[in-house]
Amino acid sequence: MIAWKIGGDQGEGIDSTGDIVIHVANRLGYYVYGYKSFSSRIKGGHTHYKVRLGTHPIQAATRHTDILVALNQETIELEGSELQGGVILADSAFSPVLPPGIDAQLLALPMTQMAKELGSGLMRNMIAAGASAALMGLGIQPFYDYVAKRFGTKGAEVVKANQMALQRGYQALSESAHTLKTTWTLTPPIPADRLVMTGNDAVALGALAGGCRLMCGYPITPATDIMESLVKWFPSVGGAVVQMEDELGSITAAIGAGFAGARAMTATSGPGLSLMQEAIGLAAMTETPVVIVDTQRGGPSTGMPTKQEQSDLLAMIYGGHGEAPRIVITPSSLEAEDVAQYAQQLIASSMEVTH
């Protein structure tokens, strides 16, 4: 098993690079587990994406890191302590320095320079992905194939440029491999057709499996992914997503749909749940079924939108005016075989339209 992590400034493509590694590893047949940490801002501030991959199921993150891709010195300072004899793959553009007490080998590659030679500094992340592939002993062709599929709609030139960046990173690391004290050889995986999904993706697939055909919602981090997933999937089964003007409109519209006999839902987070409390009482008083998904933020007030914790449990159980029965459920594990099986059935049947 290998624990790989990339870190840098938010807005530098950290998320995209992690997605490439996790999806390619999954396509090769490895079990994967990803964890992202980012700030509540569009650009700037430290962010990282960690991926564990191996030949058996992985259900949690780990403190330990084997390979750290550092796009700035701050990443080495903040994340370097997780390595125990591993490798820090850094961009030589910022003159990386290994602080005292960090047990790792520092390998600097001119990622920014190579990216500019290819015509754009934005290619640095693809060079990092290619170098990571070589470091983990993964072939480069699966990365070529994934990039071709992911960027195919942007034209052949974009695909070719990204593939060249992957190749440059892969070659540069291969030429420096003789200097490494630590190398990894993953056991060949058993090919399998598995999905890569987030918890919000699983919720959306569960809604499909449960017969839900209408979602009324208002964008709010970190619950918006559910809406975005259902926007893509609902039309194939005769469903629809309606973006409302706010959380009050979302919950009352979902209640109205339920009163008319439709299976409807909404999704929100802590601040939105607070606004919905009176309408939850309305649903209880009229005995109208409605499903509310609360993807919980951490902290009080508006909370921290990109950090999660079990922060709203009491509000979900007891919140509102007066007493009324409600059902509060939560996932007990990260296993999602039933949802994944249902998703595969939908894909196999070309998502046959039902009404």
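The values are calculated or read from the model by the stated rules, or taken from the named source; none is laboratory data. Please read all numbers here as calculations on a predicted model, not as lab measurements. Here the Cβ positions follow ideal geometry from the backbone for every residue, glycine too, while neighbour counts run over all protein chains shown. Only protein heavy atoms, including side chains, enter the accessible area calculation; ligands, DNA and RNA are left aside. Shrake-Rupley method; radii C 1.70, N 1.55, O 1.52, S 1.80 Å.
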Revision key, fill the gap. Here the residues within region 284-333 that are without any contact (Cβ under 8 Å) to a residue 12 or more places away in the chain and among the acidic types (Asp, Glu) are GLU287, GLU323
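Residues checked against (1) aliphatic (A, V, I, L, M); (2) in contact with a strand residue (DSSP E or B) (Cβ under 9 Å, 6 or more places away or on another chain):
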{"residue": "ILE6", "(1), (2)": "yes, yes"}
{"residue": "ILE14", "(1), (2)": "yes, yes"}
{"residue": "ASN26", "(1), (2)": "no, yes"}
{"residue": "SER37", "(1), (2)": "no, yes"}
{"residue": "ILE42", "(1), (2)": "yes, no"}
{"residue": "PRO57", "(1), (2)": "no, yes"}
{"residue": "ASP66", "(1), (2)": "no, yes"}
{"residue": "VAL69", "(1), (2)": "yes, yes"}
Point to revise | ARG213 vs. criteria open to solvent by 30 Å² or more (accessible area, probe 1.4 Å), charged (D, E, K, R), farther than 30 Å from GLY121 by Cα and touching a residue at least 24 places away in the same chain (Cβ under 8 Å) | key: yes
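Can you say whether THR286 is open to solvent by less than 30 Å² (accessible area, probe 1.4 Å), at pLDDT 90 or above and either of a type in the set (S, T, N, Q) or more than 27 Å from the chain's Cα centre (by Cα) (or both), as far as the supplied structure shows?
Working: open to solvent by less than 30 Å² (accessible area, probe 1.4 Å): no; at pLDDT 90 or above: yes; either of a type in the set (S, T, N, Q) or more than 27 Å from the chain's Cα centre (by Cα) (or both): yes.
The answer is no for THR286.
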Point to revise | The listed residue being open to solvent by 60 Å² or more (accessible area, probe 1.4 Å) and of a type in the set (Gly, Ala, Ser), out of ALA172, ALA202, ALA156, ALA128 | key: ALA156
Check your understanding: Before we move on, is MET276 closer than 24 Å to ALA315 by Cβ and open to solvent by less than 40 Å² (accessible area, probe 1.4 Å)?
Key -> yes
Revision key, fill the gap. Sole miss for THR112 among (1) more than 15 Å from GLN167 (Cα to Cα); (2) in a helix (DSSP H, G or I); (3) of a type outside the set (Asp, Glu) is condition (1)
Review point. So HIS178 fits all but one of (1) in contact with a His (Cβ under 9 Å, 6 or more places away or on another chain); (2) surrounded by fewer than 17 Cβ atoms within 10 Å (Cβ to Cβ); what number is the exception?
Key: (1)
Exercise for review: Restricting attention to region 289-312, report how many residues are open to solvent by 80 Å² or more (accessible area, probe 1.4 Å) and acidic (Asp, Glu).
Suggested key: 1
Practice item. Return only the number of the condition from (1) surrounded by 14 or more Cβ atoms within 10 Å (Cβ to Cβ); (2) small (Gly, Ala, Ser); (3) more than 20 Å from GLY121 (Cβ to Cβ) that GLY85 does not satisfy. Key: (1)
Review point. If you check SER229 against the conditions, is it touching a residue at least 24 places away in the same chain (Cβ under 8 Å) and in contact with a Cys (Cβ under 6 Å, 6 or more places away or on another chain)?
Key: no
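If we keep just the residues of region 27-59 that are among the β-branched types (Val, Ile, Thr) and assigned to a strand (DSSP E or B), which is surrounded by the fewest Cβ atoms within 10 Å (Cβ to Cβ)?
Applying the first criterion (among the β-branched types (Val, Ile, Thr)) to region 27-59 yields 32, 42, 47, 51, 55, 58.
From what's left, assigned to a strand (DSSP E or B): 32, 47, 51.
Values: VAL32: 20, THR47: 22, VAL51: 29.
The extreme case among them is VAL32.
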Point to revise | Every pair of residues 6+ apart whose Cβ atoms lie under 7 Å, when the first sits in region 175-193 and is closer than 17 Å to ARG52 by Cα while the second is assigned to a loop (DSSP other than H, G, I, E, B) and open to solvent by 50 Å² or more (accessible area, probe 1.4 Å) | key: TRP184/GLY137; THR185/GLY137; LEU186/GLY137; THR187/THR55; PRO189/THR55
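Filter region 88-125 down to the residues that are of a type in the set (Lys, Arg) and crowded, with 22+ Cβ neighbours inside 10 Å and list them by number. Steps first, answer last, please.
Keep residues of region 88-125 that are of a type in the set (Lys, Arg), which gives 116, 124.
The one that is of a type in the set (Lys, Arg) and crowded, with 22+ Cβ neighbours inside 10 Å: ARG124.
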Practice item. Kindly list, by first and then second residue, each pair from a residue in region 131-158 that is within 24 Å of HIS178 (Cα to Cα) to a residue that is assigned to a helix (DSSP H, G or I) and among the aromatic types (Phe, Trp, Tyr), limited to pairs with Cβ atoms under 7 Å and residues at least 6 apart or on different chains. Key: ALA131/TYR170; ALA133/PHE143; ALA133/TYR170; ALA134/TYR170; ILE140/TYR170
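Give the number of residues within region 128-143 that are part of a helix (DSSP H, G or I) and farther than 24 Å from GLY8 by Cα. Explain how you work it out, then say what you get.
Step one: list which residues in region 128-143 are part of a helix (DSSP H, G or I), which gives 128-135, 141-143.
Still in the list and also farther than 24 Å from GLY8 by Cα: 141-142.
Residues flagged as part of a helix (DSSP H, G or I) and farther than 24 Å from GLY8 by Cα within region 128-143 amount to 2.
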Review point. VAL24: open to solvent by less than 30 Å² (accessible area, probe 1.4 Å), touching a residue at least 40 places away in the same chain (Cβ under 8 Å), in contact with a Pro (Cβ under 6 Å, 6 or more places away or on another chain) and of a type outside the set (Gly, Ala, Ser), yes or no?
Key: yes
